[in-house]
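The values are calculated or read from the model by the stated rules, or taken from the named source; none is laboratory data. What you see is a predicted model; the values in this text were computed from it and never measured. Cβ sites come from the backbone with ideal geometry, for glycine too, and all protein chains shown count toward neighbours.
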Amino acid sequence: MSVLFLDIGNSHIKLAEKRGVAWKVLYRTTNGNVEQLQKIVAEQGGAEFIVISSVREDVLTRALKSLVEFDIKVLTTSLVDPDNLDYETPDTLGMDRFLTCYGAVSATNKDVICVDAGTACTVDWMTAEGVYRGGVIMPGLTLFHKSIEAYLPELPAVEYNIPDQWPGRSTVKSLEWGTSGSFLMAIDGFIRKYLDGIAGETELFITGGDSLYLSQNLNTELKPVHRPYLHFDGMEKFWEDLENLK
């Protein structure tokens, strides 16, 4: 039976299938086009089961209506063993944060720090034993830039760039430090704060839409592991583990 995996994020939806050891993204669009899913899934031929992770209840509801003829499993925190959640409000935890860490832990025997650099950027910690310890939610890199454009319209738009010179000695360079610089330095600071409290060996995984930029520019003592489909890795592993418990 062919299994498809659907990631409903804050801004986009992605439909993917595991082919061998690699992920193939079959469909990527904004959340406004969710009604096209039925057609896209039908075109794959033979896909009978869809695993879904969602951070948007409104989009999930529309997706389920579009995919009513298919067998579907929605991954939620209610499916997670409470012993694996060191989190005070598990009912409000975005399942994507847990699954991203779950995918990382499945690839190593160490604690993991996972940075998911999307519309929102999360910096989370999971132990080698699979216990999710919580983390950080902050604006993504695009939101840093859009906030300047929206609320400070007299200032120029700037690229995703870190100036060679400190401090910024032009308005453009000052803005680059205040956008890309703030983003990168905040994440580096959170990673160092984690490392101060983690006793064992730790690996750093980076994923999300801005993950390549982040992995190339982040100044950290840990060597980043760039895994653009880490969320799908976590979805697949978590779903398989649920199936094995039956």
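Of all residues assigned to region 18-34, at least one qualifies as being of a type in the set (Val, Ile, Thr), more than 19 Å from the chain's Cα centre (by Cα) and surrounded by 12 or more Cβ atoms within 10 Å (Cβ to Cβ). Scanning for something part of a loop (DSSP other than H, G, I, E, B) and in contact with a helix residue (DSSP H, G or I) (Cβ under 7 Å, 6 or more places away or on another chain), does region 144-154 turn up at least one residue? Looking through region 144-154, none of the residues is part of a loop (DSSP other than H, G, I, E, B) and in contact with a helix residue (DSSP H, G or I) (Cβ under 7 Å, 6 or more places away or on another chain).
Residue-by-condition table, conditions (1) at pLDDT below 95; (2) out of contact with any Cys (no Cβ under 6 Å at 6 or more places or on another chain); (3) surrounded by fewer than 20 Cβ atoms within 10 Å (Cβ to Cβ); (4) within 30 Å of residue 17 (Cβ to Cβ):
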| position | (1), (2), (3), (4) |
| --- | --- |
| 148 | yes, yes, yes, no |
| 161 | yes, yes, yes, no |
| 164 | yes, yes, yes, no |
| 188 | no, yes, yes, no |
| 204 | no, yes, no, yes |
| 225 | no, yes, yes, yes |
| 230 | no, yes, no, yes |
| 236 | no, yes, no, yes |
| 244 | yes, yes, yes, yes |
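Only a single criterion out of (1) assigned to a helix (DSSP H, G or I); (2) in contact with a His (Cβ under 9 Å, 6 or more places away or on another chain) is not satisfied by residue 53, namely (1).
Conditions (1) outside the structural domain of residue 28 (by TED's automatic domain parsing); (2) under 18 Å from the mean Cα position of the chain (by Cα), marked per residue:
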| residue | (1), (2) |
| --- | --- |
| 40 | no, no |
| 45 | no, no |
| 112 | yes, yes |
| 128 | yes, no |
| 146 | yes, no |
